[in-house]
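A short write-up of the structure that comes next.
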Amino acid sequence: MLRLIEHEQSQPFDAFAASGKIPHYTKTHFYGELCRRKGIEVQRVSARNEKDEIVATALIQWEKCGRKEYGYLCYGFNLDYTNSETLQFFASALTELAKRRGAAYLRMELNIPRIEHEKDGRIKPEGFNNEFVTAQMEACGYHHLGYTYGYSGNRMSRFTYCLNLDQPLETIRKQIKHYTAYQKKNIQRAVSVKLSDERDLSILVEAERELAHKLHFLPKKEKDFRQLMECFPDQARLYVVSANVDQALSHLKLLREQLICQQGKLINAQRLAENQKQIAALDQEIAELMRDYQGLGESNWALNSSFNKASMSITSICIQRKFCRTSAPLLRCTAR
């Protein structure tokens with residue numbers, strides 16, 4: 001017999017999130033604290049079995065659209081979707097909870113891919129197929145709003161790359177795809193990475209501002225990142241990436257000369273085409289470096305011969321696995 005706990009304690013809530021099949025930082029109480037900072041009411045709910053063990057959790061964000069309240073579950077329930085009994089109970093219990101509050105609807109976008117695809121878009125014959133989840137949710141009274149592609153209609157980023165960084169460095173390297181190739185490129189470009197703290201948030205903000213200008217999106221403010229680090233005190237990590245542009249240009253030009261020298265020895269047309277493609281890519285990279293970081297003139301070049309970029313990583317207790325990026329869309333549904 002399952003029972004609903006309408007206000008679950010934070011510690012068991014996070015412990016269950018860490019052990020789930022689809023762990024994500026938005027399913028922890030830390031994320032709830034971040035939402036509260038933004039003025040959003042948050043409720044931690046769970047389902048427990050007869051042994052008083054948690055079998056499902058959900059972090060509900062109660063928000064308003066005009067005068068109407070609605071509930072939003074970022075990435076949906078945290079449970080085993082193959083267990084129809086648990087899913088049926090939890091989905092129905094949360095629907096009733098929303099009705100008692102007078103909410104207009106309960107909406108979620110599950111972080112479950114639909115069907116595995118090949119890189120060219122074809123369905124992979126022996127890949128995963130999670131369409132049964134759609135049928136399960138509809139059987140629980142939810143309305144399917146259609147599958148989304150890319151970033152359409154999603155409040156959160158569609159893809160999430162999860163990697164536990166609280167491991168030995170060598171173990172982390174083995175879990176990063178094409179790590180050796182990336183590391184070789186970093187060495188050629190005199191790139192180094194260091195773990196930093198909130199004192200370097202300005203670097204992250206500036207990097208995002210530049211990217212936002214290039215890709216035409218609204219960048220976050222420094223206070224948003226600061227709140228994230230405050231709400232995830234032991235989980236958020238700020239990494240600063242530095243590069244010596246003088247050394248990078250020198251190495252790239254040398255690499256280009258080596259590729260040109262190889263052309264006289266290449267007989268195979270495919271190898272020659274690949275060589276020319278690499279040279280063209282290097283030409284573009286060299287031009288971008290000179291334009292972005294050497295454009296202030298030779299007098300300023302010596303003073304600006306290195307630059308910093310930053311990235312934010314959440315290594316919370318619930319992020320212990322790496323999710324595969326696929327071309328499969330996510331499921332959106334709502335209960336009224």
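Please treat every number below as a calculation from the coordinates, not as lab data. Everything numeric in this text was worked out from a predicted model, so none of it was measured. All Cβ positions, even for glycine, are placed from backbone atoms using ideal geometry, and neighbour counts span all protein chains on display.
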### Task
For Ala287 and Gln263, compute 0.36 nm times the residue count separating them, minus their Cα-Cα distance, and round to one decimal in nm.
6.5 nm
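What FRET efficiency do you get for Glu50 and Gln188 if R0 is 56 Å and r is their Cβ-Cβ distance, rounded to the nearest 0.05?
0.40
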### Query
What length, rounded to one decimal in nm, is gained on full extension from Glu85 through to Arg122, with 0.36 nm per residue of separation minus their alpha-carbon distance?
10.0 nm
### Task
Sequence neighbours fewer than 8 away in the same chain don't count; with that in mind, list the lysines whose C-alpha is under 26 Å from Lys64.
Lys27, Lys38, Lys99, Lys220, Lys221, Lys223
## Note on the structure
For Lys277, the aspartates and glutamates lying under 15 Å Cα to Cα, once residues fewer than eight places off in the same chain are dropped, come out as Glu257, Glu285
#### Entry: Inter-centroid distance (Cα atoms) of the stretch 1-63 relative to the stretch 110-130, Å
29
## Note on the structure
Note: Glu198 to Tyr179 extended length (0.36 nm per residue) minus current alpha-carbon separation gives 4.1 nm
